[in-house]
1. What is the set of long-range amide H partners of residue 21 at a cut-off below 5 Å, with H atoms built 1.01 Å from backbone N?
2. Hey, which aspartates and glutamates would be in cross-link range of residue 126, C-alpha to C-alpha under 13 Å, not counting anything within fewer than 8 residues on its own chain?
3. What lysines does residue 2 reach when the alpha-carbon gap must be under 24 Å and sequence neighbours fewer than 8 apart in one chain are set aside?
4. Only four residue types carry charge here, +1 at the Cβ of Lys and Arg and -1 at the Cβ of Asp and Glu. Report the dipole size of the chain about the Cα centre in Debye, rounded to the nearest 20.
5. Could you go through the stretch 111-118 in sequence order and give the Karplus-derived ³J(HN,Hα) for each residue, using 6.51 cos²θ - 1.76 cosθ + 1.60 with θ = phi - 60°, rounded to whole Hz, and x for Gly and Pro?
6. Roughly how many nanometres apart are two label points built 7 Å out from the Cα toward the Cβ at residue 44 and residue 108?
7. How far, in degrees from 0 to 90, does helix 126-135 lean away from the longest principal axis of the Cα atoms of the chain, to the nearest 10?
8. Using r as the Cβ-Cβ distance of residue 77 and residue 127, and R0 as 25 Å, what FRET efficiency do you calculate, to the nearest 0.05?
Amino acid sequence: MKPREEMRAICDDLYQITGIKAVVYDADMRVLYSQPGTMGPFCTALRRFPGISEKCLACDRMGLERCRRDRDICIYRCHMGLTEATAPILADGAVIGYLMFGQVLARDGRAEVLRRLEALKGLEGKATLRGEIARMEEKDEHTLRAAAR
């Protein structure tokens, strides 16, 4: 199997096993592959509002930059309180890319995500977003760390 096909198969398998979105970036932090190819319903709906998408992208950049700096798995909460992780992809000691898992509702995170949602001023459609949060399956950090490893 070619490296790119192998990378896709690993992401597909990880998603199948964990249900956690997996994205592979190259060393310059450009997306190479995403499984699934779309964001979850909560993030998709939220990013429709002006200014939110920029905050989401800033969180992604922060996670990738921290991973680049530390050369280790980085687990953090995004600006909305969802848990995400980045991990370096190493070959012969060099970082050749990054793996990002995200849009995970931590076991203890539902109340925090709801609090952050309510704190957003002037946002219409909060009832729909609350419904998406209610439908999200909770995952523990151990699962996220295991997948990233």
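Quick note: the coordinates plus some simple rules give every number you see, no bench work behind them. Note that this is a predicted model, so its numbers are computed, not measured. Cβ atoms come from the backbone with ideal geometry, glycine included; neighbour counts cover every protein chain shown.
1. It is 102, by chain and number.
2. List returned: 118.
3. The reachable lysines, counting only those whose Cα sits under 24 Å from residue 2, are 21.
4. 440 debye
5. Whole-Hz 3J(HN,Hα) from phi for the stretch 111-118: 4, 5, 4, 4, 4, 5, 4, 5.
6. For the pair residue 44/residue 108, the computed spacing is 3.2 nm.
7. Relative to the chain, helix 126-135 is tipped by roughly 50 degrees.
8. Numbers: r = 23 Å, r/R0 = 0.93.
Once rounded, the FRET efficiency stands at 0.60.
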